[in-house]
Amino acid sequence: MKIGIYGGTFDPIHRGHITAAQAAAQQLGLDLLLLIPASIPPHKALPEGGADAAQRLEMATLATAELSCPAQVLDVEVKRRGKSYTADTLRTLRRQYPEDELWLLMGTDMFLSLQDWREPQEILRLVRVAAFSRTGDPEQQRFARQKAYLEETFGAQVTVVENPHVVDISSTRLRQLLPEGREYLPEAVYGYILRQRLYGTHAELKHLTPEELRPIALSFLKPKRMPHVLG
């Protein structure tokens, strides 16, 4: 079985994450996608007033409704104390899936700095790497050099995944745009944000139109139920 592993802060998870995951699932032929929200990311500080770990897990779960491949959200990093190091997570997953083909999915910045992560040799021993690249991206030469470097230095197995439907938004920028930036969010995730009053939103939920209530209603459903209810 081919399994994609996609970690991140996901504060909040948005359509940029979804389109990248879809591209990887299609091009790699993934049988399963694992989304893993970080508890304490080692490379950056969590913003004050942001979503807590449990809320980020909930939003990631809701977002799986928009994925065409089977997907699960794991709380392995949220349950583990301390910083969320990828090498620790991958050791856990390798024990759980000893015979399967594991792919670590990552964006441009993460891929180009992978050698500076904690235990890069161990990471690249445990998994293959799939790095997202925009079609026609001027970074392609840097991608090619980095791919060659990781393969020669660590014996890595690297595939560059073209993301033709890239959504160019960061979670940081999206938090600043809300609520006007709702088009960047899966509908149920936006409803959850309103319901929990995250990221400075203050919707008065008792005075919304039926159309405005739609994302909030979806946020109460399990992802597998959403297509049935919408139908």
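The values are calculated or read from the model by the stated rules, or taken from the named source; none is laboratory data. Computed from a predicted structure; not experimentally measured. Cβ placement follows ideal geometry from the backbone for every residue including glycine, while neighbour counts extend to all protein chains displayed. The area values use the complete protein model at the heavy-atom level, side chains included, leaving out ligands, DNA and RNA. Shrake-Rupley method; radii C 1.70, N 1.55, O 1.52, S 1.80 Å.
For the Cα atoms of the chain, what angle does the longest principal axis make with the long axis of helix 140-154, in degrees from 0 to 90, nearest 10?
It is inclined by approximately 60 degrees.
What does the helix-only formula give at 222 nm for the chain: each DSSP H stretch with n ≥ 4 adding -39500 (n - 2.57), the total divided by the residues, and the result rounded to the nearest 500 deg cm²/dmol?
The per-residue figure over the chain is -12000 deg cm²/dmol.
Just need the relative contact order of the stretch 64-127 here, percent rounded to a whole number, with Cα pairs under 8 Å and 6+ apart.
Once normalised by length, the contact order is 39 percent.
Which ³J(HN,Hα) values in Hz, rounded to whole numbers, follow from the phi angles of the stretch 4-19 under the Karplus curve 6.51 cos²θ - 1.76 cosθ + 1.60, where θ = phi - 60° and Gly and Pro get x?
Values, residue by residue: x, 10, 10, x, x, 6, 6, 10, x, 5, 9, 5, x, 5, 5, 5 Hz.
In straight Cα distance, which lysines are under 21 Å from Lys44, not counting same-chain residues fewer than 8 positions off?
By straight Cα distance, Lys44 reaches Lys79, Lys83.
Give, as a single signed number, the net charge of other residues whose beta carbon lies under 11 Å from the beta carbon of Leu205, with Lys and Arg counted +1 and Asp and Glu -1.
It works out to a net charge of +1.
Just for the Cα atoms in the stretch 23-110, what are the lengths along the principal axes, largest first, rounded to whole Å?
Per principal axis, max minus min of the Cα coordinates gives 38, 28, 25 Å.
Determine, for each peptide in 71-84, 40-53, 120-133, the mean count of other beta carbons within 10 angstrom over its residues, then list the peptides with the highest first.
Output ranking for 71-84, 40-53, 120-133: 120-133, 71-84, 40-53.
Roll a 1.4 Å probe over the protein chains and send me the accessible area per residue for the chain in Å².
On a per-residue basis, 51 Å².
At 25 °C and 0.890 mPa s, what whole-number value in µm²/s does Stokes-Einstein give for the translational diffusion of the chain, with Rh from the Kirkwood sum over Cα pairs?
133 µm²/s
If R0 is 22 Å, what FRET efficiency do you get for Glu204 and Glu180 from their C-beta distance, rounded to 0.05?
Plugging the Cβ-Cβ distance into 1/(1 + (r/R0)^6) gives 0.80.
For a quick check: with amide H placed at 1.01 Å from N, whose amide H comes under 5 Å from Ala130's, ignoring anything fewer than 5 positions away on the same chain?
Leu104, Leu105, Met106, Thr159
By average Cβ neighbour count within 10 Å, what is the ranking of 3-11, 86-94 from highest down?
3-11, 86-94
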